[in-house]
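What follows is a set of notes on a single structure, which appears directly below.
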Amino acid sequence: MSHLHTQGINVPPILLTIAGFDPSCGAGVVADLKTFAAHGCYGMAAITSMTAQNTQGVEAVHNTPSSELREQLEVLAKDSDIAAVKIGMLGNRGNAVVVGEFLDAHKFAVVVHDPVMRSSSNSELLDQGGVKYLCTELLKRSTVITPNIPEAEVLTGMSITDVAGMEAAARKIGEMGAKAVIVKGGHMDRAIDVVFDGKEVHQLSGDKVKLENTHGTGCTFASAITAQLAAGRGLVEAATLAKAYVVKAIEKAYPVGKGRVPLDHFYRMRIEPLARGTHTLPNHGMHAAAEPAAH
């Protein structure tokens, strides 16, 4: 790192995601890394679970052994100056405990926890022991926790049917030890998110987008908040900017499989698709660009 600074290079924030791997790359650590990159940050990832899923749903879950997750985390922490951590799917209590110990050992400035419990196709992504540990221990170790309505119901034991219920749940999660809470309203008729900053409740309203047909929205929202907080923004501003990013990424999304549509994380960059057609090599041999360079 030091030799970069001496050359006057401005190193962007280094962000770490701790979450599961989605082979279709619409959710999990890959969605997080794309979101970090789209916000000008450098992303690293520790994988809690290898899932077998596509755009249509999760077919299998293979959680990383806790000792292996610990190794991934420790090898990153001793090498890089991590500005913020985003937590997603943990899989089980063993992995949740490893993450709790990791947070205790390093005291990161920003920790954003998206408490993933079930997939949209209703696969279990955190066991009951993990949920209990999350409620009693991990909540307290996060800068902000971002449950959707079903997750907020599990955390609080409350039934949430309206915005007032979302606000009550956010306050209760705060009482349980969370410093700040965002209850995501994507499951409601109107896409209102409730932000509790530890003192006051704020509402973030937004147009209802086709959320039910998107893949990786929660991961992306939490990762965008992580990047904004790492940049020094306050919670409400960070959440507002993250929501605007997600809505636009949904609007620009395109199908890659037969199921839900992954977000276009790089919509701001206007990357041109490759031109169609094949490139024919000249008859005399290798393309000039493919010839080995002279040494």
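Determine whether region 143-157 contains at least one residue that is over 20 Å from the mean Cα position of the chain (by Cα) and more than 22 Å from Val58 (Cβ to Cβ).
Yes, the conditions are met somewhere in region 143-157.
Under 7 Å between Cβ atoms, which residue pairs at least 6 apart in sequence (or on different chains) link something in region 219-240 that is closer than 14 Å to Thr146 by Cβ with a partner that is among the acidic types (Asp, Glu)?
If the second residue must be among the acidic types (Asp, Glu), the pairs left are Cys219/Asp32; Cys219/Asp114; Ala222/Asp114; Ser223/Asp32; Leu235/Asp197; Val236/Asp197; Ala239/Asp193.
Filter region 88-114 for residues that are in a loop (DSSP other than H, G, I, E, B) and in contact with an Asp or Glu (Cβ under 7 Å, 6 or more places away or on another chain) and give the result.
Gly88, Asn92
State all residues of region 158-187 that are crowded, with 22+ Cβ neighbours inside 10 Å, of a type outside the set (A, V, I, L, M) and either in contact with a Phe, Trp or Tyr (Cβ under 9 Å, 6 or more places away or on another chain) or farther than 21 Å from Ser120 by Cβ (or both); if no residue qualifies, say none.
Lys184 - this is the single residue of region 158-187 that is crowded, with 22+ Cβ neighbours inside 10 Å, of a type outside the set (A, V, I, L, M) and either in contact with a Phe, Trp or Tyr (Cβ under 9 Å, 6 or more places away or on another chain) or farther than 21 Å from Ser120 by Cβ (or both).
Would you call Ala222 of a type outside the set (Phe, Trp, Tyr), in contact with a Cys (Cβ under 6 Å, 6 or more places away or on another chain) and in a helix (DSSP H, G or I)?
no
Can you pull out every residue in region 158-186 that is in contact with a strand residue (DSSP E or B) (Cβ under 8 Å, 6 or more places away or on another chain) and in a helix (DSSP H, G or I)?
Val163, Met166, Glu167, Ala169, Ala170, Arg171, Ile173, Gly174
How about region 127-157: which of its residues are surrounded by fewer than 16 Cβ atoms within 10 Å (Cβ to Cβ) and part of a loop (DSSP other than H, G, I, E, B)?
Gly157
Can you tell which of Val75, Val110, Val97 is touching a strand residue (DSSP E or B) at 6+ places or on another chain (Cβ under 6 Å) and among the β-branched types (Val, Ile, Thr)?
Val110
Look at Asn122 and say whether it is surrounded by fewer than 22 Cβ atoms within 10 Å (Cβ to Cβ) and either without any contact (Cβ under 8 Å) to a residue 40 or more places away in the chain or touching a strand residue (DSSP E or B) at 6+ places or on another chain (Cβ under 8 Å) (or both).
yes
Would you list the strands (runs of 3 or more DSSP E) that sit entirely within region 1-87 and hold 2 or more residues that are of a type in the set (A, V, I, L, M) and surrounded by fewer than 21 Cβ atoms within 10 Å (Cβ to Cβ)?
Per the criteria, 42-54, 57-63.
Being aliphatic (A, V, I, L, M) and modelled with pLDDT of 95 or more narrows it down to one of Met1, Met89, so name that one.
Being aliphatic (A, V, I, L, M) and modelled with pLDDT of 95 or more holds for just one of Met1, Met89, which is Met89.
Just the residues that are surrounded by 23 or more Cβ atoms within 10 Å (Cβ to Cβ), within 17 Å of the chain's Cα centre (by Cα) and assigned to a loop (DSSP other than H, G, I, E, B), please, taken from region 248-266.
Leu263, His265
What's the number of the condition Lys208 fails, among (1) part of a loop (DSSP other than H, G, I, E, B); (2) modelled with pLDDT of 90 or more; (3) among the basic types (Lys, Arg)?
(2)
The values are calculated or read from the model by the stated rules, or taken from the named source; none is laboratory data. All values reported here derive from a predicted model rather than from experimental measurement. Please note: Cβ atoms are built from the backbone with ideal geometry, for glycine as well, and neighbour counts cover all protein chains shown.
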